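Data block below; observations after.
The values are calculated or read from the model by the stated rules, or taken from the named source; none is laboratory data. The model shown is predicted, which means the values in this text are computed figures rather than measured ones. Please note: Cβ atoms are built from the backbone with ideal geometry, for glycine as well, and neighbour counts cover all protein chains shown. All accessible areas refer to the heavy atoms of the entire protein, side chains included, with ligands and DNA or RNA removed. Shrake-Rupley method; radii C 1.70, N 1.55, O 1.52, S 1.80 Å.
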Amino acid sequence: MTQRRIRAVYMRGGTSRCLVFHASDLPGAGAERDRVLLAALGSPDPYGRQLDGLGGGISSLSKACIIGPPSSPGADVDYTFAQVEVTTPLVDYKGNCGNCSSAVGPFAIDERLVPAVEGETRVRIHNTNTRKLIVAHVPVKGGEAAVAGDFELAGVSGHGARIALDFLDPGGAGSGRLLPTGKPRDVVDGVEASLVDATNPVVFVRAKDLGLAGTETPQAIDADRSLAARLEAIRVEAAQRMGMEGSSAVPKVAVVASPADFTALDGARYRLDQVDLVARVISMGNCHRAFALTAAMCLAVAARIVGTVVHECAGPTNGDFRLGHPSGVLPIDAAVRVRDGAPWAERVTVYRTARRLMEGFVRVP
């Protein structure tokens with residue numbers, strides 16, 4: 001055979017898509033495994049389309065998940081997330097993907113890695129990228145992960161079965177500290193910024209400091225090359241201060257603004273009283289059409305920390321934090337307490353849907 005057959009499942013998790021593999025079907029961590037993932041998704045592609053693979057040409061559609069036996073006490077499965085670059089031969093493992101995390105529980109249930117409990121099955125997931133525990137509450141019907149439901153996820157057409165994800169003790173997932181510089185606010189490349197690390201590290205800047213309203217479309221942001229260069233310069237300097245040099249995937253950079261009226265990509269209109277804050281996030285050089293979920297979780301934590309630019313734009317909030325983003329409004333629940341005189345993120349809870357799209361074998365030359 002001129003191509004290797006590798007068992008795989010193609011899934012949507014939240015507002016992302018990913019190839020999901022059993023760890024036993026892939027080479028161990030290293031160059032050979034990276035080669036397989038790159039070929040499966042169609043990278044590197046100088047045309048930016050990933051036409052020779054299953055990727056979609058943007059970061060949210062160029063992802064892989066590797067599921068294996070648990071290596072952490074109390075976990076049901078290990079989960080390693082891989083962000084595959086579109087145009088360069090790079091696979092990045094330095095952060096997690098919250099959207100893809102929502103696909104892990106259904107995969108584990110349907111692959112019989114976890115016994116199905118009718119009604120709802122709780123799957124405890126150890127994410128190896130961040131060394132953190134995620135608890136997925138997955139609806140189950142007929143012994144399989146349920147798909148039908150009445151939950152509407154902004155950025156995904158239709159409705160689905162709601163999956164609740166509890167990210168426990170998410171602070172310091174990449175750098176080891178919730179506030180990597182020890183401060184809620186720094187000056188980075190001439191603008192005030194908050195460097196926060198919860199589920200994934202993010203650098204937050206005010207939209208108005210970059211000449212933005214915070215409600216621009218992703219297309220408009222991507223088309224502004226001078227803005228893209230400025231945001232990347234801010235991200236790179238922030239990465240150095242956070243001790244995370246060398247990754248193009250993390251930290252991500254997000255622009256935030258106070259509540260405002262906006263129109264989502266599907267034409268739906270939202271009033272400023274329906275959101276606590278509006279924001280846009282840049283990942284791998286592209287503005288997300290929804291909002292990278294781990295970045296949204298980090299934002300919700302930052303909103304609970306007095307002194308951050310996120311808290312300044314949002315003000316005090318109770319209950320679910322309502323994030324206005326290009327595809328609508330995303331509710332997130334974050335619990336932040338003071339421990340030993342410093343802010344401590346206890347957990348973040350988010351709600352997603354997921355669906356198995358295809359199963360079989362991916363072919364790799």
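General remarks:
- Residues that are open to solvent by 20 Å² or more (accessible area, probe 1.4 Å) and touching a residue at least 24 places away in the same chain (Cβ under 8 Å) number at least 1 in the following strands (runs of 3 or more DSSP E) confined to the stretch 46-140: 77-84, 119-127.
- Strands (runs of 3 or more DSSP E) fully within the stretch 297-365 that include at least 1 residues being within 25 Å of VAL187 (Cα to Cα) and of a type outside the set (Lys, Arg): 321-325, 328-339, 342-352.
- All positions within the stretch 246-294 that are of a type in the set (D, E, K, R), within 22 Å of GLY174 (Cα to Cα) and open to solvent by 10 Å² or more (accessible area, probe 1.4 Å): LYS252
- Among the residues of this structure, LEU37 does not count as one that is in a loop (DSSP other than H, G, I, E, B), closer than 27 Å to GLY285 by Cβ and aliphatic (A, V, I, L, M).
- Residue in the stretch 193-206 that is at negative phi, without any contact (Cβ under 8 Å) to a residue 24 or more places away in the chain and basic (Lys, Arg) present: no
- Candidates in the stretch 330-347 are the residues that are of a type in the set (Gly, Ala, Ser) and open to solvent by 40 Å² or more (accessible area, probe 1.4 Å); of these, the one that is farthest from LEU272 (Cα to Cα) is GLY341.
Per-residue answers, yes or no, for (1) aromatic (Phe, Trp, Tyr); (2) outside any helix (DSSP H, G or I); (3) within 26 Å of GLY182 (Cβ to Cβ); (4) modelled with pLDDT of 95 or more:
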| residue | (1), (2), (3), (4) |
| --- | --- |
| VAL202 | no, yes, yes, yes |
| THR215 | no, yes, no, yes |
| LEU231 | no, no, yes, yes |
| ARG241 | no, no, yes, yes |
| GLY267 | no, yes, no, yes |
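- Flag if VAL306 is over 25 Å from CYS100 (Cβ atoms) and either in contact with a strand residue (DSSP E or B) (Cβ under 7 Å, 6 or more places away or on another chain) or of a type outside the set (Ser, Thr, Tyr) (or both): yes
- Tally of residues being buried (at least 18 other Cβ atoms within 10 Å of the Cβ) and on the phi < 0 side of the Ramachandran plot across the stretch 143-161: 7
- When GLY14 is tested against (1) touching a Ser or Thr at 6+ places or on another chain (Cβ under 8 Å); (2) open to solvent by 20 Å² or more (accessible area, probe 1.4 Å); (3) under 19 Å from SER102 (Cβ atoms), just one condition goes unmet, and that condition is (2).
- Selection within the stretch 142-163 - touching a strand residue (DSSP E or B) at 6+ places or on another chain (Cβ under 8 Å), in a strand (DSSP E or B) and more than 20 Å from SER327 (Cα to Cα): ALA145
- Looking only at the stretch 168-188, residues that are open to solvent by 60 Å² or more (accessible area, probe 1.4 Å) and on the phi > 0 side of the Ramachandran plot come to 1 in all.
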